[in-house]
1. Kindly provide the set of residues from region 402-435 that are under 28 Å from Trp638 (Cβ atoms) and either part of a loop (DSSP other than H, G, I, E, B) or among the polar types (S, T, N, Q) (or both), ordered by number.
2. Enumerate the pairs (first residue in region 592-613 and in contact (Cβ under 8 Å) with a residue 24 or more places away in the chain; second residue anywhere and among the acidic types (Asp, Glu) and crowded, with 24+ Cβ neighbours inside 10 Å) with beta-carbon separation below 6 Å, excluding pairs fewer than 6 apart on the same chain, so at least 6 apart or on different chains.
3. Of all residues in region 615-648, which are at pLDDT 95 or above and among the charged types (D, E, K, R)?
4. Before we move on, is Asp304 open to solvent by 20 Å² or more (accessible area, probe 1.4 Å), modelled with pLDDT under 95, assigned to a loop (DSSP other than H, G, I, E, B) and closer than 17 Å to Ile235 by Cα?
5. In region 536-575, which residues are open to solvent by 30 Å² or more (accessible area, probe 1.4 Å) and under 22 Å from Ala682 (Cβ atoms)?
6. Being free of Cβ contacts under 8 Å to residues at least 40 places away in the same chain and either surrounded by fewer than 15 Cβ atoms within 10 Å (Cβ to Cβ) or part of a loop (DSSP other than H, G, I, E, B) (or both) narrows it down to one residue among Thr693, Thr679, Thr740; which is it?
7. Scan region 436-476 for residues that are at pLDDT 95 or above, small (Gly, Ala, Ser) and in a loop (DSSP other than H, G, I, E, B) and jot them down.
8. In region 489-541, how many are outside any loop (DSSP other than H, G, I, E, B) and touching a residue at least 40 places away in the same chain (Cβ under 8 Å)?
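The values are calculated or read from the model by the stated rules, or taken from the named source; none is laboratory data. Quantities reported herein were computed from a predicted structural model and do not represent experimental measurements. Here the Cβ is made from the backbone with ideal geometry for all residues, glycine too, and neighbour counts use every protein chain on show. Side chains are part of the model used for accessible areas, which takes the heavy atoms of the whole protein and leaves out ligands, DNA and RNA. Shrake-Rupley method; radii C 1.70, N 1.55, O 1.52, S 1.80 Å.
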Amino acid sequence: MQFPFIKSALALAIAVTATGAVASSLDKHDRAKSVHKKETYFERVSTFPVYQNLAPDENTTDATAAEISAASHDGKVVYYSNSPRGRIGMIDIADPAAPVAAGFLPLAGEPTSVAVTGDYLLVAVNTSSSYTTPGGVLSVYSIDNPLQPQWVADLDMGGQPDAIAISPDGRYAAVVIENERDEDFDDGLIPQQPAGYLKIITTKGKPSKWKVRQVELTGYAEIAPDDPEPEYVAISRLNIAAVSLQENNHLILVDLRRGMVINEFSAGSVDLFGVDTQENDVIEPLDNILNRRREPDSVAWLNDWWVVTANEGDYEDADGVEGGSRGFTIFSPFGHARYESGSSMEHDFIRIGHYPESRSENKGIEPESVTTGHYGKADYLFVGAERGNAVAVYKVAAFAKPKLHQILPSTIGPEGILTIPSRNLVVVSSEEDSADDGFRSTVSIYQYGAKAANYPEIMSDPKQLIPWSALSGMVADNHKANILYAVPDSYYAQSRIFKVKVAKNGPAIIKEALVLSKDGDTVDYDLEGIAQRSDGSFWLVSEGNGGSRPNLLIKTAADGTVMEEINLPDGVIDKQISNGFEGVAVTGSGENERVLVAFQREWKGDPENHVRIGVYNPSNNHWGFLYYPLDVAQEDAWVGLSELSAIDDHNFVVIERDNQQGDKAQLKRLYRFSIDGLTPAAEGGSFPVVSKTVVHDLLPDLKATGGWVLDKVEGTAITKKGEVYVVTDNDGVDDSSGETRFMHLGKLFR
């Protein structure tokens, strides 16, 4: 549909807000040159677990969430919507590195969004009794004292409110009334009545005097013109609201002053090249998806001229046309796609180990949230990936394509991104929460001003596309001090060895992936440890599961060809449980070669808090055993070994850890022990017990980046120069943040 004043309205927008540079096409990116010689980056300074903001009489295991956030006018208080608890939570971030729980506001319904305009907090509250009888209010609170909001008014929205946006000049609030569809009715297909719309609130004077207008959004989208299903709204400095109709794959621009639609256009489709569309336990970005609808979720204004959309693409229509557009797009207000990220954002997530293979047949990393902000002398675009559990930060300029600046790790399910440029802060709220699984919903805070990006700490070669994740064991090369080898566990099929190059500055780089093969076929081990033999070949260990998969010691050639699989003696196998082989180390060569294997936890008949260290003699196929004494676990936790590395022929280091994460984590340490003078005993004999000494407490290192303390510290490597590296297992981004810590600890063994 065309509007008689669209050209004049948009021409006025150009005249008011745009120089020739701003209005110029992004296609002229080749002319762009950075005027900044030194870059500045964002770094995470804290992570606040939402359950810490429960009332004293509430159970800390109760489900919580942090979805959308807003900040007080001074930027020192964060308000977040907590849908499961029916409340707005508050966090005092006067010190961003030490956020403090500040209580909550109970509501009479489900909060769907939150925003601040001047001294007022606005909360969208869904009070619907059913999908067909939607209802809701916009609750207004005075925040003269930001930590003590006082209710002022409820404005009837007439339907189910979702997103809220505040105009930059504070004159207007726009509320999307989604009246969302019932996904269990008619396979979730639209149209489903009643139709949604946009509410415009003129926020002049006291809230009791605020004027509320309604803008109909029906009749525009081709897919279901009678059921727009508006999803998100953003407002430019010209007071033009951009509204996304996700299921309808459409965008509508509304002049808030006039209360009228001034343009509307389809979000169109995208061709994706080099993506993984098969959930087969292997990351294989080899497929192409053509003509896939973008289906934008959130929207933002860039330079008050371009409209940016995060293309979640989660809707399948009656013809089976699925979304999964996996990126973001920059549109002109006339509906022209000026930039399309395609599969580039997903490729960047693959390189840092954040790709969720279990989502390959659906939406991949699932871009959902987008916003912009001006920090220092630059404009930045932030795109959150709900399934990739991170926020991609792009540097943007008028003449240039967006340039990936860095990626910020979050916890699980980043839903909202809040920029607070006045304090050089960015706040990311993550909604996924499961106390039983050990992860919690959080609010993460990042500060602008770092001289280097401290994440990722390990990634694959930027010049290649080497998929990786779930690193579980590591070893240093015998001859090259800057080369390590790492292996992934059973989360992925087609076991492999990654060749890693470390540097003094910047992340470690995965340069090569050696796919293991046996008799010409790939193999599927649960690799938990790797050691390099004197001739450059490897010993690996695969952890058994107490059932069909045995604990195996595996010899491979340097190219990954499996040469031998070695099982435990029958008498030992009879005692196995699921927590088996977890690390491997090798000493000597030829007739003097010995292979040590760490077991994770006690097996049947082992003394309490004592685990086996197996010692294998390749020359006669003999197994002997020692005992390693574990620390006592805290209540509701267990303690075990995660790695074994050789310091020399007699001294070894292990990772001993509990199975806890976040603020529940208590034990993550490196211990040293010696086998000098000890004779391993065969099964049935009396196993000598090694003595251990603490070498390094890893908890301070895990807490140093302000993130959620990770559970699985899994790999250690000691280079020929004595430098120690430790890596964590990110569980393949499955019920895990996907974050991988690769920590350089320096020389610990003198």
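1. Within region 402-435, Ser410, Thr411, Ile412, Gly413, Ser430, Glu432, Asp433, Ser434, Ala435 meet the criteria.
2. As it stands, the answer is Ala598/Glu582; Gln600/Glu582, since those pairs meet every condition given.
3. Hits for region 615-648 are Asp631, Glu643, Asp648.
4. On the way: open to solvent by 20 Å² or more (accessible area, probe 1.4 Å): yes; modelled with pLDDT under 95: yes; assigned to a loop (DSSP other than H, G, I, E, B): yes; closer than 17 Å to Ile235 by Cα: yes.
In short, yes.
5. First, pick out the residues of region 536-575 that are open to solvent by 30 Å² or more (accessible area, probe 1.4 Å): 545-550, 555, 558-559, 561, 563-565, 567, 569-571, 573-575.
Pro550, Lys555, Glu564, Glu565, Asn567, Pro569, Asp570, Gly571, Ile573, Asp574, Lys575 - these are the residues of region 536-575 that are open to solvent by 30 Å² or more (accessible area, probe 1.4 Å) and under 22 Å from Ala682 (Cβ atoms).
6. Thr693
7. Result: Ser441, Ala452, Ala453, Ser469, Ala470.
8. Final tally of qualifying residues: 23.
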